[in-house]
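Below: the structure, in structure tokens.
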Amino acid sequence: MAETHVLFVEDDDVIREATQLALERDGFVVTAMPDGLLGLEAFRRNRPDIALLDVMVPGLDGVSLCRRIRDESTVPVIMLSARADSIDVVLGLEAGADDYVTKPFDGAVLVARIRAVLRRFGHASGHGAGGGEAIRTEGGVLVFGDLEIDTEGMEVRKGGEQVGLTPTEMRLLLEFSSAPGTVLSRDKLLERVWDYGWGGDTRVVDVHVQRLRTKVGQDRIETVRGFGYKLRA
């Protein structure tokens, strides 16, 4: 089985070295960089399987680096932030990050988050089964008006034009499409899409829903206040 290559960008020498050692003990191959510009070079040179980016790094901050990576790749990105209530968390998610971990973090928790992200990226079609009214055509294509979801080819088209989704956005859309018209709570989406077996920050869901709306149509996913979201059938 191929080793998982992690790009880790962190300017604190102690945190960078300790985290690198912890990840390597768990079998990951780690490229650790002290600033964003070097991180971008390493990303382009090595094409890692996942990127861990601290928000506050010199040269090119973590949010900008995430945006640059997302312009070139759908590789999973986890942001590291010193404060759970920081606006940087939302900015990182809006830039295209798939998840975030608050510092200081336990090494086991970080490894669990990395593995959870990699699981869902490796199994983008592993969505829950719903009881919706989608129109299924030959080849596993679901049709919702001008939106077509190819559940076998993992492609989405809107008005005949292909829509570029990250694996996390694809899993989120598959959850909605498996139960069109059914309200899915934020906690349920965290459990099914992010593989959280524990409580998580629902801002992760909210930001990803907003990103998904910009790609598939603002009116396609409806907010049900106090409950969650649903796909308009």
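The values are calculated or read from the model by the stated rules, or taken from the named source; none is laboratory data. In this text the structure is predicted, and so the values were computed from the model without any measurement. Note that each Cβ is placed from the backbone with ideal geometry, even for glycine, and that neighbours are counted across all protein chains shown. Ligands, DNA and RNA are excluded from the accessible area calculation, which covers all protein heavy atoms including side chains. Shrake-Rupley method; radii C 1.70, N 1.55, O 1.52, S 1.80 Å.
The table that follows gives values for the structure above.
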quantity	calculated
With every protein chain in place, the chain: carbon and sulfur % of accessible area (1.4 Å)	49
Sequence-distant residues sharing a close amide H with ALA32 (under 5 Å, placed H)	PHE8
Distance cut-off 20 Å, percentage of C-alpha pairs in the stretch 36-119 lying past it	27
Crossing angle, helix 62-72 versus the chain [Cα axis fit, 0-90 degrees, rounded to tens]	60
Counted charge near ALA22, where neighbours are those whose Cβ lies closer than 12 Å (Asp, Glu -1; Lys, Arg +1)	-2
Efficiency of FRET from Cβ geometry, GLU155 and ASN46, R₀ 25 Å, rounded to 0.05	0.35
Positive-end residue of LEU93, LEU40, LEU65, charge dipole of the stretch 21-101 with Cβ unit charges	LEU40
In Å, descending, principal axis extents of the Cα set of the stretch 159-233	39, 23, 20
20 Å Cα cut-off, lysine pairs counted over the chain (separation 8 or more, or different chains)	4
Net length gained if the chain between ILE87 and VAL109 were fully extended (0.36 nm per residue, minus Cα distance)	5.7 nm
Label zone at SER64, where the point sits 7 Å out along the Cα-to-Cβ direction: the stretch 6-49 residues whose backbone N lies under 15 Å	35-41
DSSP beta bridges in the chain [antiparallel fraction, %, rounded to 5]	55
Cα gyration tensor shape for the stretch 68-116, rounded if a/c is under 1.5, else prolate or oblate	oblate
R0 of 41 Å, Cβ-Cβ distance ASP206-VAL14: FRET efficiency to nearest 0.05	0.75
Sites ARG232 and GLU94, calculated FRET efficiency, Cβ-Cβ separation with R0 25 Å, nearest 0.05	0.60
Computed over the chain, the ratio Rg/Rh where both radii use C-alpha atoms and Rh is Kirkwood	0.98
Rounded to whole Hz, the Karplus (6.51, -1.76, 1.60) HN-Hα couplings of the stretch 50-57, x for glycine and proline	7, 10, 10, 10, 6, 5, 9, 10
MRE, 222 nm, helices only [DSSP H, n ≥ 4, -39500 (n - 2.57), over the chain, to nearest 500]	-12500 deg cm²/dmol
Neighbourhood charge, 14 Å Cβ-Cβ cut-off, centred on GLN162 and excluding it, Lys, Arg +1 and Asp, Glu -1	-3
